[in-house]
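Written out below as structure tokens is the structure these notes cover.
The values are calculated or read from the model by the stated rules, or taken from the named source; none is laboratory data. Keep in mind the model is a prediction, meaning the values are calculated, not measured. All Cβ positions, even for glycine, are placed from backbone atoms using ideal geometry, and neighbour counts span all protein chains on display.
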Amino acid sequence: MKCPYCQVMFHDKTSSRTLIDDKHGQWFTTAILCPNCKQFSLFISVGSLQDIMQDDPFPRLPPHIGEGPPPDPPKRLGPFLIWPRHASFSPAPPEVPSELAEDYNEARVIQDLSPKASAALARRCLQGLLRGYANVNPGNLNGEIQQVLDSGTLPSHLKESIDAIRHIGNIAAHPIKDTLTGTITTVEDHEAEWTLDVLEGLFDFYFVQPEATRKKREALEEKLKRTPGNKRLK
């Protein structure tokens, strides 16, 4: 899992405790101590305690014992981060246009509170980026991702990452046709987190690196102006 404080991925032992039973199942808390930053975080979930008696705060179906087909997976809600109130994150870089940064930052804040809403904002941000800055023809998000892949403009690591979004979120089956709708659809586990991580890479490619290059070029041109006999860069 990723630590809510330092954002470092780790696998470590957790401590789970049952709270109470209701019509949804067993409510339980899972406490985690990050081995990197040594800070404590707490999650709450509902399901079956048997499912989480492992070194993982995310419930799994226990092994089936006996004759016949395995039982249906128990209904589960969570895990929801309850401490800290929301995970730490780095906001969108200042080079990112405000309309994209706003969706991205809000999606990060509510990522643990409402994964569906977070994924919807992340998808809308991605579609806005592709339409506004990757020169794709407006359609649905699945087709727009394919257009930018076919353009050959992205480095290989970003191509693989953005292509994975279509499979993780099943966007091919549930495409978003318009950024204005803010459609909230069924999402897969960790879809919001993955889409937001991919957006970080796209922000760097489309906005951060070009701006850094522009500033370096301007600095060099200014230096050349002050050097007799040198010409400006073309």
(request) Would you point out the residue of segment 77-131, among those that are surrounded by fewer than 22 Cβ atoms within 10 Å (Cβ to Cβ) and among the hydroxyl-bearing types (Ser, Thr, Tyr), that is farthest from the chain's Cα centre (by Cα)? (result) SER98
(request) Go through segment 91-130 and give me each residue that's in contact with a Ser or Thr (Cβ under 7 Å, 6 or more places away or on another chain), polar (S, T, N, Q) and under 26 Å from PHE43 (Cβ atoms). (result) GLN111
(request) Filter segment 132-147 for residues that are surrounded by fewer than 21 Cβ atoms within 10 Å (Cβ to Cβ) and not in a loop (DSSP other than H, G, I, E, B) and give the result. (result) GLY132, TYR133, ASN142, GLY143, GLN146, GLN147
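Residues are listed down the side, and each one gets a yes or a no for (1) in contact with a strand residue (DSSP E or B) (Cβ under 7 Å, 6 or more places away or on another chain); (2) at pLDDT below 70; (3) assigned by TED's automatic domain parsing to the domain that holds LYS116:
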residue	(1), (2), (3)
THR183	no, yes, yes
THR195	no, no, yes
GLU200	no, no, yes
PHE203	no, no, yes
TYR206	no, no, yes
ASN230	no, yes, no
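Check every one of the strands (runs of 3 or more DSSP E) wholly within segment 1-118 and list those with 1 or more residues that are at pLDDT 80 or above. Please lay out each step first, then the result.
Details: elements: 15-22, 25-33, 40-47, 77-83.
In segment 1-118, the matching strands (runs of 3 or more DSSP E) lie at 15-22, 25-33, 40-47.
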